[in-house]
Amino acid sequence: MEEGKMDENEWGYHGEGNKSLVVAHAQRCVVLRFLKFPPNRKKTSEEIFQHLQNIVDFGKNVMKEFLGENYVHCGSRCDKDLDTLSGYAMCLPNLTRLQTYRFAEHRPILCVEIKPKCGFIPFSSDVTHEMKHKVCRYCMHQHLKVATGKWRQISRYCPLDLYSGNKQRMHFALKSLLQEAQNNLKIFKNGELIYGCKDARSPVADWSELAHHLKPFFFPSNGLASGPHCTRAVIRELVHVITRVLLSGSDKGRAGTLRLGLGPQGPRVCEASPFSRSLRCQGKNTPERSGLPKGCLLYKTLQVQMLDLLDIEGLYPLYSRVERYLEEFPEERKTLQIDGPYDEAFYQKLLDLSTEDDGTVAFALTKVQQYRVAMTAKDCSIMIALSPCLQDASSDQTPVVPSSRSRFAFSVSVLDLDLKPYESIPHQYKLDGKIVNYYSKTVCAKDNAVMSTRFKESEDCTLVLHKV
Ligand SMILES: O=P(O)(O)O[C@@H]1[C@@H](OP(=O)(O)O)[C@H](OP(=O)(O)O)[C@H](O)[C@H](OP(=O)(O)O)[C@H]1OP(=O)(O)O
Ligand SMILES: Nc1ncnc2c1ncn2[C@@H]1O[C@H](COP(=O)(O)OP(=O)(O)OP(=O)(O)O)[C@@H](O)[C@H]1O
């Protein structure tokens, strides 16, 4: 960003999360990301500068390597007057726009943001709760979230369906996200949010309104009547296009040659997913294991998530080992690279997938850092930008996806790739216990009660039949 060329009237609020607030430039395809810090954790300018440097380095040296250069946009530090929050901000491409254009296009543009969450069931032998081998964390967590009032109702979305690579399951997952978006789905039209919800008080999703926005994209030149039939057709087109984009492997860059090679592990389906439940009821087999193409972003994200090899239950004692060491040698924190720098050496250590504990701090530290990276991949979001293109448009650098009645130039990117802090591990450990205990006590207890009532009824029934 050039010195002296920023005018605050050209920037508008775009969105925010727990850690940052984002403003977008009206004409140019860039956003500024300001970090938020709680008042009790005030940081000096220098610390904030270092924090931003770490975010940029982590994106460049770690996530770009794992996920590929086409998908990761690391941004650059920017120290402009506009920043009223910290004194510094990060300048990033506006991912709700197509990444091939520097200036906001006059062509309409649709952008779908998905926060897919963790796509596998833990395979670690350190897991003590049997339930964690059957039901995924997202599905269990839903019950606690609804009980605490974070969301209104349980979502039918299960990340394992989205990550399955099976088109039918992916369609089901995307439809479920559209029914109950929570913080897992947002849709922007020309950079403005048109679909998504903030909290449990948000109005119920209105598909006909969404279809009204989307119709010109998917049925540009035909007079498809409005009404439930039209709504269903438009939603179906959207779901099919997003699935195709998610299965595309557009990353042809040098970087991003995934060096993890973690094979598929753990169960293929989550027992709580309505999709797999209905298959079981119909007596059908569980679907085939992940058919995700290796080049696609979902596959790569899943591989990084699987760096959580030991699960929080196996990781926590290792974290405690590092903690004990740091209590004794606090000056070692820097050498251990707990707070960066996230450089090539940091990245190289992440590639050691051994799970043989030799009792050293080095082993414990590697697993802790891998866990932090995995947690980051479990909480990132995927942005898909779609812009209608002409039937005969010659293909330049931008990939194109067809729908039934139109074609879209598209780009796929990842956002929210800030490395999760070392300090959050005890919280993760406690939250994990809370999620599983709540699920086991309430949901399973309810299921068992229903089962035993059914059993009792059938017993009664048998008795009656005997009497007759
Ligand atoms: O623990 P989870 O799975 O609930 O994830 C948190 C997210 O909640 P979610 O379940 O996606 O609704 C949570 O999302 P919301 O702020 O609730 O939208 C944050 O992303 C949080 O990350 P951080 O602590 O701000 O770095 C996330 O915390 P981390 O666990 O990733 O640190
Ligand atoms: N580069 C970008 N281009 C377009 N929109 C963006 C970009 N970065 C962030 N956003 C928007 O701003 C929102 C908040 O950004 P971000 O996820 O980085 O915040 P956060 O505070 O890190 O989130 P969390 O609460 O998950 O920790 C995103 O959900 C997205 O809609």
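Placing dummy labels 7 Å off each Cα toward the beta-carbon, the span from Asp126 to Lys43 is 2.8 nm. Translational diffusion of segment 7-93 was estimated from the Stokes-Einstein equation, with Rh taken as the Kirkwood radius over Cα pairs; at 20 °C and 1.002 mPa s the coefficient is 157 µm²/s. A simple spin-label model places pseudo-atoms 7 Å from Cα toward Cβ; at Thr360 and Ser424 they are separated by 2.9 nm.
Can you give the extra length, in nm with one decimal, that the chain gains between Thr148 and Ala445 once fully stretched, where that is 0.36 nm per residue apart less the Cα-Cα distance? Extra length available between Thr148 and Ala445 comes to 105.1 nm. Remark: relative contact order (segment 7-93) = 28 percent; criterion is Cα-Cα distance under 8 angstrom and separation of 6 or more residues. Extension gain for Lys434-Arg324 works out to 37.1 nm (0.36 nm per residue, less the C-alpha to C-alpha distance). Each peptide in 56-69, 312-325, 200-213 receives the mean, over its residues, of other Cβ atoms within 10 Å, and ordering these scores from highest gives 56-69, 312-325, 200-213. Amide H to amide H, with H built 1.01 Å from N, Ser20 comes under 5 Å of Lys36, counting only residues 5 or more places away or on other chains.
Coupling constants for segment 229-236 follow from the phi torsions by the Karplus curve (6.51 cos²θ - 1.76 cosθ + 1.60, θ = phi - 60°), and in residue order they are 5, 5, 4, 4, 5, 5, 4, 4 Hz; glycine and proline get x. Distance between the 7 Å Cα→Cβ label points at Ser202 and Cys91: 3.1 nm. Using the Karplus relation 6.51 cos²θ - 1.76 cosθ + 1.60 with θ = phi - 60°, the per-residue 3J(HN,Hα) values for segment 276-284 come to 6, 4, 5, 4, 4, 4, 7, x, 8 Hz, with x marking Gly and Pro.
Extension gain, Gln337 to Leu193: 0.36 nm times the residue separation minus the Cα-Cα distance gives 48.0 nm. Classify segment 147-200 from the C-alpha gyration tensor, please: rounded if a/c falls under 1.5, else prolate or oblate depending on whether a/b exceeds b/c. Oblate, because a/c is 1.5 or more while a/b does not exceed b/c. So, R0 is 56 Å and r is the distance between the beta-carbons of Val56 and Ser226; what FRET efficiency does that work out to, to 0.05? That gives a FRET efficiency of 0.75. A cut-off of 5 Å between modelled amide H atoms, ignoring neighbours fewer than 5 places along the same chain, links Tyr195 with Ile187. The phi torsions of segment 347-358, fed into the Karplus equation with coefficients 6.51, -1.76 and 1.60 and a -60° offset, translate into couplings of 5, 4, 5, 5, 7, 7, 9, 5, 10, 7, 7, 9 Hz, rounded to whole numbers, with Gly and Pro shown as x.
Readers should treat all values here as calculations from the given coordinates under stated rules, not as data from a laboratory. Every value quoted in this text rests on a predicted model; they were computed, and no experiment measured them. A quick note on method: Cβ atoms are made from the backbone with ideal geometry, for glycine too, and the neighbour counts reach across all protein chains shown.
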